[in-house]
Amino acid sequence: MRSTDRILLTLSAAAMLALCYLVFLYIPLEKTQGYIQKIFYIHVPCAWVGFVAFTVTAIMGGRYLATRDPDHDRWAAASAEIGIVFTTLVLITGPMWARPVWGIWWTWDIRLTSTLVLWLIYLAYLILRQTVAERDRRSVLAAVTGIIGWLGVPIVYLGNRVRASQHPAPVVGGGEDSGLAPIFLATLLVGVFSLTVFYIVLLRARVRGARLEDAIEELQIAEGRDHA
Amino acid sequence: MDTLLSARGLSRRYGRNWALSRVDLEVGAGEVVALLGANGAGKSTLLNLLSTLHRPTEGTLEIFGLDARHHHTRIRARLGYVAHATLLDDGLTARENLRYYAALFGLTKVDRLVDERLEEVGLSRRAHDRVAGFSRGMRQRLSLARALLHDPELLILDEPFTGLDAAGCRDLAARLEEEKSKGRAIVLATHQLERVLSWSDRALLLHRGRKVQESGADRYDAAGWAVHLAEVAEERT
Amino acid sequence: MSAFLSVTRAVFRRDLSAEWRQKDVLTTVIMFGLLTVVTFVFAFDPARHAREEIVPGCLWTAYLFAGMLGLGRSAARDGQDGGTVGLLLSPADRGAVYVGKFLSHAVFMLAGEAVVLLFTIVWFDLDGRHLTAPFFLILLLGTLGFVAVGTVFAVVSQKSRLREVMLPVLMLPILAPMVMAAVEGTAIVLTPGSNEGLGEWLKLLAGFDLVFAVAGFLLYGFVLEE
């Protein structure tokens, strides 16, 4: 592990500790929802990281198509993998909160649907990568899928806004939209900061790992070639 | 003699397998080069690289003085390729197939051109028949007509004699010799060396992705022949 | 520009004449479209549900699944006997090829959809009150969006080991907004009374079409080339 990563990881961990302190000991309990509301401070940062991760995948895909540098493909793939992990956490923590507060696990409203669609798109992206054996081909097809998939996200969001305005979702207790008091906002930002930095650490580690995997394979192939 | 094509250290890897390794090749204008070797020796891989369909993993390739990595569109406009598959649409007639390719190559005066090419390969009378009803020999002739539509300076053929009867082979060899006499450079892969050695300028023997022999067709040395014949025998068993 | 158009025309004409003789894609779209509609009738008894509740979802599900099978067929046919290789070997503009494919796929889809629609009209007793200009506009915009995305991913999925399975896996999530807009829009049109809110869905469909047609146009070459 390099010193940059050590610094980043320390920052992230410190912010996570601060987040725990703020969430569990400092900020007051939400009146109507009780303890379950605290999941919000991990749920929203995860959603943020997921979205950032998939955006990075799309951008790196574009850069790969422009340069054909395999490293860009590694960044894109690593970011999608991590994005899937964080989005999965969103899809788990969401219903955990919704069940006691809304009385249902799931509702097809704006954010839930767009998060689910995003998750499915990049899951398909990862499946595609698994099912194309040849590296250059895999990188190109994945890059195109990563870009086109990302383009759908704003449209899903718009579509849900139109639908939501017609059929208001059965939201009991406003929660997220109802304007946060400064201390709640600060707590949320600490969470976002912590997980974003953690995402960067994971991404760097994953890309380094992928580079090593490729380097090992190159060595094995070079050896096989000279003995052929 | 002008150099049409120049490859240095050309290598291609598919997964972990080096299908082609460090092959050098020069082809001059109007020259005919035969690639010999058993199945899996790397002939098709080399042709796929020369036709710019695949990118080399290593090495440099210049065709018509253009870098094949960056200028494949310009190269393709001047190159004809008869692949192992016919590249023809079974559902279309001979004429429709050629018209389609003429449009893809941005050619003009398409009707006359297509008629000429069909005439050359002796398919004028079947022009309006669907390719689905064609014999292997007729498909191969139509495939050649397709590859020659845009009057390419370099013609590449992958195993053109496969599946043809003796008459078909003689016919095709004669057609290719004629193209040679018009000054067209030809690179072709085959394992039927007797079909090509008499009229090719040079032969290249590939074995497991490497070039093991290169010489004028008449100056194959004993070792080269032995390797090649052993491979052919191995393949037939 | 004329070179661009002549490539587009050649690709379009080739697809149409091949389809005219073999009818692979059309058969696929019509058969699976009809079967999906019939399955819907079994699943949701039309006697117990209002027309506007069943028909939009039924119609678009049928078009979507039948269309994906049809596109898969079309891409598989292109790959036969190295047809895609032949295309690649030409210097033809990849964008022009995309436009040609886009148009031929749109024609196949619209033709298949028309047949499925005829049966749906009979089975669900639709009439002039339902089949208005907005209805057909939604049909057209939805289909164009489907084809814009599908033309690219039909090629992508052919290159995956999973082939035809990969097509819906890739396409359905990306099509989510289009499906939502098409179904909601169709429901509004079929519901007696005003067409309030329809404009929003039409705008969304048009935006979807535009975004993905441009993306497909720009990215198709990369997909084809590999």
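The values are calculated or read from the model by the stated rules, or taken from the named source; none is laboratory data. On a predicted model such as this, the values are computed, not experimentally measured, just so you know. So basically every Cβ, Gly included, is an ideal-geometry build from the backbone, and we count neighbours across all protein chains shown. Note: areas computed on protein heavy atoms with side chains; ligands, DNA, RNA excluded. Shrake-Rupley method; radii C 1.70, N 1.55, O 1.52, S 1.80 Å.
Quick one, can you get me the convex hull of the C-alpha atoms of region B:1-129 expressed as volume per residue in Å³? Before the final figure, lay out the partial values.
Working: hull volume 19.0 nm³, N = 129.
For region B:1-129, the hull spanned by Cα atoms encloses 148 Å³ per residue.
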Taking R0 as 35 Å, what FRET efficiency do you get between B:Ala167 and A:Arg68 from their Cβ-Cβ distance, rounded to the nearest 0.05? 0.15
Among C:Ala187, C:Val211, C:Ala3, which residue has its Cα furthest toward the positive end of the charge dipole of chain C, with +1 on Lys/Arg Cβ and -1 on Asp/Glu Cβ? C:Ala3
Projecting the Cα atoms of B:His150, B:Leu113, B:Ser124 onto the charge dipole of region B:87-151, where Lys and Arg contribute +1 and Asp and Glu -1 at Cβ, the residue farthest towards the positive end is B:Ser124
If I ignore ligands, DNA and RNA and count only protein heavy atoms, how much of B:Arg74 is accessible to a 1.4 Å probe, in Å² to the nearest 10? 140
Subtracting the Cα-Cα distance from 0.36 nm times the residue separation, let me have the gained length for B:Ser6 to B:Glu26 in nm, one decimal. 6.7 nm
How many angstrom lie between the C-alpha centres of region A:108-134 and region B:20-99? 38
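What is the mean projected area of the alpha carbon convex hull for chain A, to one decimal in square nanometres? Walk me through the intermediate numbers first.
Details: hull surface 59.9 nm².
Answer in nm², one decimal: 15.0.
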Report Rg(Cα)/(2.2 N^0.38 Å) for region C:131-209, keeping two decimals. 1.26
Using only Cα atoms, locate the centre of region C:74-129 and the centre of region C:135-177, then give the distance between them in Å, rounded to an integer. 11
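Between their Cα atoms, which of B:Lys43/B:Lys180; A:Lys38/C:Lys203; B:Lys180/B:Lys211; B:Lys180/C:Lys23; B:Lys109/B:Lys180; C:Lys101/C:Lys203 are more than 30 Å away from each other?
Working: B:Lys43/B:Lys180 21 Å; A:Lys38/C:Lys203 39 Å; B:Lys180/B:Lys211 24 Å; B:Lys180/C:Lys23 42 Å; B:Lys109/B:Lys180 25 Å; C:Lys101/C:Lys203 25 Å.
Where the Cα-Cα span goes over 30 Å, the pairs concerned are A:Lys38/C:Lys203; B:Lys180/C:Lys23.
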Which distance in Å, rounded to a whole number, links the C-alpha centroids of region B:127-170 and region A:28-44? 74
Chain B: translational diffusion in µm²/s, Stokes-Einstein, Kirkwood Rh over Cα pairs, 37 °C, 0.692 mPa s: 179
When all alpha-carbon pairs of the protein assembly as shown are counted, what percent fall beyond 33 Å? 58
Which of C:Ser74, C:Ser160, C:Ser90 moves most in a GNM of chain C, Cα contacts under 10 Å? C:Ser90
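Go ahead and run the numbers for FRET between A:Ala181 and A:Ala18, Cβ-Cβ distance against an R0 of 30 Å, rounding to 0.05. Don't skip to the answer; put the middle values down first.
Numbers: r = 18 Å, r/R0 = 0.60.
Here the calculated transfer efficiency is 0.95.
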Counting Lys and Arg as +1 and Asp and Glu as -1, each charge on the Cβ, what is the dipole of region B:87-151 about the Cα centre in debye, to the nearest 20? 140
Nitroxide proxy distance, nm - points 7 Å out along Cα→Cβ at C:Ala133 and C:Arg48: 4.0
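From the gyration tensor of the Cα coordinates in region C:69-226, what semi-axes in whole Å does the equivalent ellipsoid have, largest first, with each one equal to sqrt(5λ)?
Working: eigenvalues 207, 54, 36 Å².
After scaling each eigenvalue by five and taking roots: 32, 16, 13 Å.
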Whole-Å semi-axes of region B:87-151's equivalent ellipsoid (Cα gyration tensor): 17, 12, 10
Pseudo-spin-label distance A:Leu123 to A:Glu217, built 7 Å along Cα→Cβ, given in nm, is 2.5
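So if I place +1 on the C-beta of Lys and Arg and -1 on the C-beta of Asp and Glu, and nothing else carries charge, what would the dipole magnitude of the protein assembly as shown be about its Cα centre? I want it in debye, nearest 20. Working shown, then result.
Numbers: 71 positive and 69 negative charges, 110 e Å.
Charge dipole, the protein assembly as shown, about its Cα centre: 520 debye, nearest 20.
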